[in-house]
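As structure tokens, the structure follows; a few thoughts come after it.
Please treat every number below as a calculation from the coordinates, not as lab data. Source: prediction; values computed, not measured. Virtual Cβ from ideal backbone geometry, glycine too; neighbours counted across all protein chains shown.
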């Protein structure tokens, strides 16, 4: 059947069962699935601490076919998912369903475990590196579910995703299970994506390389939610966990795009007292944030909050008084990790508060402006951030669809051409974020406004921005690069792109080679 | 059959460039292309390389090209330079100057 943006969605797939097609960004009705709450007890004087994963697995009532979960705050330095899955293999477990909030190059050992039958399915918000390639080649027995940061807490809360054992990477933990993310040799800052796991999983295990004296406070996740603590040598490689410094780009094209994006925000009329903002850590996004900061300082504007993945740049804006607080679901660099421990108004938040559309109000809905990237955008403003233009998986849904839906002004920044390929296409090969939630495309050769937002277009024209129609940008790109050949996508379904409300916005089909 | 005198190359492995290596062939023009955009532009890149070779009168040639997303004019320029070097007399060390 075709969904609301004309994408062909199968009625059902192996592993996921019946699929609900995407109906529109704000049309998917909340659902609930019956599930008994987990039984928990921790008698006084009881011991939670295990000195090895082997001992822990001897104690856990984990069976083949169970669902285990991990979070990705350790990013490309993460050793936890690999060591736990290797231990599960050693323990003879098979057919495990894995919910890992983000998948990186470091997770390559998972491929062998899939082939061996240890891992049967994967849910994730991002796919990079060898696992992404393996998914595209159809290595997984069932289609991989790609969810958004807000879609996952929705599915955990409503019972759709039921986790038997959650493994929480704990850069610091005490014997009672209080966990903190900004301390220790594996410090990663916020643990926000793991909060839903701590709330809903049957058993919650803290995996730590830094067992500290009780009481560890204030906790990111408190002891009443943590059943076991297992001590390991190392959670991973600090060089892959946080980047030392996030440098602002010197690329003149990225700087031009950034300056235009900042001008769009200024011209929109939203940049005033209480301004709230989110941006990624990518080159143009970060540079745009710097221009926004300069405008706020010049006009003495005090913003409300900055949200999302937090960088040193946002911490700087907080400490200069440009924002009242930072809401941090993921800390990208060393400075933001430190700030979380030092600044009282740098607040750690969970993914539910961040972006769950079926909650009583998530923070993305309070954003004035968000700056997002794209690998492709089409004439309907639908955005692809999950696959390359060749259909091969290499990206993340992450918070892209969530923030686009919530923010008053959603700006997509992209080079008009990337490795010869035009960014603007007739139809994106994989839709991740629906065009109805995108307001402006900013490129180095012009700005295109979604026709649904005429008022914004008039403001941008008045502010003398280089406003073009989106099809003009497409023609311009093809004049420079030549029109690309169409890529066939008729292989089997290897991944489902789930919209934040649980409906399916698109599927990814396998590619050979 | 017109053929090149020796193996030569032009270009780099940087983004948006391509590296072209040419050598005497053994019958016809053979193009071995590796490109990050082969699905979208593979045929276009091959066509440009073949056109430049034909324009320079070559009928017997092996080409190895590694493309990192070069625009068409860069494909043409790198091919022309590699062939110029391959056709140049030995005295200048094959630099084509």
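What order do you get for B:14, A:31 when you list them from fewest to most C-beta neighbours inside 10 Å? Walk me through the numbers before you get to the answer.
Details: B:14 11, A:31 14.
Taking fewest neighbouring Cβ atoms as first place, the list is B:14, A:31.
Arrange A:277, A:33 by Cβ neighbour counts within 10 Å, fewest through most, would you? Intermediate results must be reported in sequence, preceding the final value.
Working: A:277 29, A:33 10.
Ordered by Cβ neighbours within 10 Å, fewest first: A:33, A:277.
Take every DSSP beta bridge with both residues inside the range B:8-88 and express the antiparallel ones as a percent of the total, to the nearest 5. It would help to have the intermediate numbers written out before the result.
Working: 10 of 17 bridges.
Here the share of antiparallel DSSP bridges comes out near 60 percent.
Take every residue in peptide B:39-45, count the Cβ atoms of other chains within 10 Å of its Cβ, and give the average of those counts. Can you show the working numbers first?
On the way: counts 12, 14, 8, 1, 1, 6, 2.
Neighbouring Cβ atoms belonging to other protein chains average 6 per residue here.
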Report the normalised scattering of the range A:5-110 as log10 I(q)/I(0) at q = 0.22 Å⁻¹, calculated by the Debye formula with identical scatterers on the alpha carbons.
-> -1.28
P(r) weight above 21 Å for the range A:151-272, C-alpha pairs, percent = 53 percent
Largest-first principal axis extents, alpha carbons of the range A:224-280, Å = 53, 33, 12
For the residue A:251, residue A:26 Cβ pair and Förster radius 56 Å, calculated FRET efficiency rounded to 0.05 is 0.95
For the Cα atoms of chain A, what angle does the longest principal axis make with the long axis of helix A:80-90, in degrees from 0 to 90, nearest 10?
-> 40 degrees
Counted neighbours (other Cβ, 10 Å), sorted fewest up, put A:9, A:371, A:257 in the order A:9, A:257, A:371
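What fraction of the DSSP beta bridges in the protein assembly as shown is antiparallel, stated in percent and rounded to the nearest 5? It would help to have the intermediate numbers written out before the result.
Working: 34 of 98 bridges.
Of those bridges, close to 35 percent are antiparallel.
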For chain A, calculate the relative contact order in percent as a whole number, restricting contacts to Cα pairs under 8 Å that are 6 or more residues apart.
-> 17 percent
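How large is the Kirkwood hydrodynamic radius of the range A:52-241, in angstrom, based on all distinct alpha carbon pairs?
On the way: mean 1/r = 0.0614 Å⁻¹.
Over the range A:52-241, the inverse of the mean reciprocal pair distance is 16.3 Å.
Can you divide the C-alpha Rg of the range A:1-43 by 2.2 N^0.38 Å and report the result to two decimal places? Numbers along the way, then the final one.
Working: Rg = 16.6 Å, N = 43, 2.2 N^0.38 = 9.2 Å.
My calculation over the Cα atoms of the range A:1-43 gives 1.81.
Return a whole-number percent for the relative contact order of the range A:153-290, with Cα pairs under 8 Å and 6 or more residues apart as the contact set.
22 percent
Relative contact order for the range A:346-493: what is it in percent, counting Cα pairs under 8 Å that are at least 6 residues apart?
22 percent
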Per DSSP H run of n ≥ 4, the term is -39500 (n - 2.57); total these for chain A, divide by its residue number, and report the mean residue ellipticity at 222 nm rounded to 500 deg cm²/dmol.
-> -7500 deg cm²/dmol
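From the Cα trace of the range A:319-472, what convex hull volume per residue do you get, rounded to a whole Å³? Working shown, then result.
Working: hull volume 22.9 nm³, N = 154.
Each residue corresponds to 149 Å³ of Cα convex hull volume.
How big is D, in µm² s⁻¹, for the protein assembly as shown by Stokes-Einstein at 20 °C and 1.002 mPa s if Rh is the Kirkwood radius over C-alpha pairs? Write out the running numbers ahead of the final one.
Numbers: Rh = 25.8 Å.
The Stokes-Einstein estimate is 83 µm²/s.
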Stokes-Einstein at 4 °C, 1.567 mPa s, Kirkwood radius from Cα pairs: D for the range B:8-88 in µm² s⁻¹?
-> 107 µm²/s
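For chain B, what is the mean residue ellipticity at 222 nm derived from helices alone (per DSSP H run of n ≥ 4: -39500 (n - 2.57); sum divided by total residues; nearest 500 deg cm²/dmol)? Display every interim value, and only then the final one.
Details: 2 runs with 34 residues, N = 97.
Computed mean residue ellipticity for chain B: -12000 deg cm²/dmol.
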